[in-house]
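Just below is one structure, and these are the notes that go with it.
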Amino acid sequence: MSSQPDPTTSALHELSEEECEALLDQVPVGRVAFVFATQPVVLPVNYRWVEGEVLFRTFTGQKFHAAKTQQPVAFEIDEWDAELRSGW
């Protein structure tokens, strides 16, 4: 994993594709966001980063319905250090 920016600054920086892929390999839980019955839904998922794709298993339900009907979805991971007040 690449080094974190200095937590004492408020500067943001864009992660490279390589940094993103390294982080996707290290974090076990992400969140999937989509719209279900006109309402936004954000759900945690266990996932794997495999050959450039995010994979997760689901059963019949909201996530499955969103995938089956090819709705747009968002996926995100993050990390926050409350003591240092920093994250990515």
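The values are calculated or read from the model by the stated rules, or taken from the named source; none is laboratory data. Only a predicted model underlies this, so the values are computations on that prediction, with no experimental measurement involved. No Cβ is skipped: glycine too gets one built from the backbone with ideal geometry, and neighbour counts run over all protein chains shown. Just so you know, the surface numbers come from the protein's heavy atoms only, side chains and all, with ligands and any DNA or RNA stripped out. Shrake-Rupley method; radii C 1.70, N 1.55, O 1.52, S 1.80 Å.
Scan region 17-39 for residues that are open to solvent by less than 40 Å² (accessible area, probe 1.4 Å) and either within 20 Å of residue 73 (Cα to Cα) or out of contact with any Ser or Thr (no Cβ under 8 Å at 6 or more places or on another chain) (or both) and report the count.
7
With 51, 14 as the choices, which residue is open to solvent by 80 Å² or more (accessible area, probe 1.4 Å) and at pLDDT below 90?
The conditions single out 14.
All but one of (1) open to solvent by 70 Å² or more (accessible area, probe 1.4 Å); (2) among the hydrophobic types (A, V, I, L, M, F, W, C); (3) out of contact with any strand residue (DSSP E or B) (no Cβ under 6 Å at 6 or more places or on another chain) hold for residue 42, so report the exception by its number.
(3)
So, in region 54-85, of the ones that are assigned to a strand (DSSP E or B) and either at pLDDT below 80 or within 12 Å of the chain's Cα centre (by Cα) (or both), which residue ends up farthest from residue 24 (Cα to Cα)?
For region 54-85, the residue satisfying everything is 74.
So which residues in region 17-53 are in contact with a Leu (Cβ under 8 Å, 6 or more places away or on another chain), under 19 Å from residue 66 (Cβ atoms) and not in a strand (DSSP E or B), if there are any at all?
47
Using beta carbons and a limit of 7 Å, which pairs, at least six apart or on different chains, have the first residue in region 71-88 and charged (D, E, K, R) and the second one not in a loop (DSSP other than H, G, I, E, B)?
Qualifying pairs under 7 Å: 76/30; 76/31; 78/87; 79/87; 81/87.
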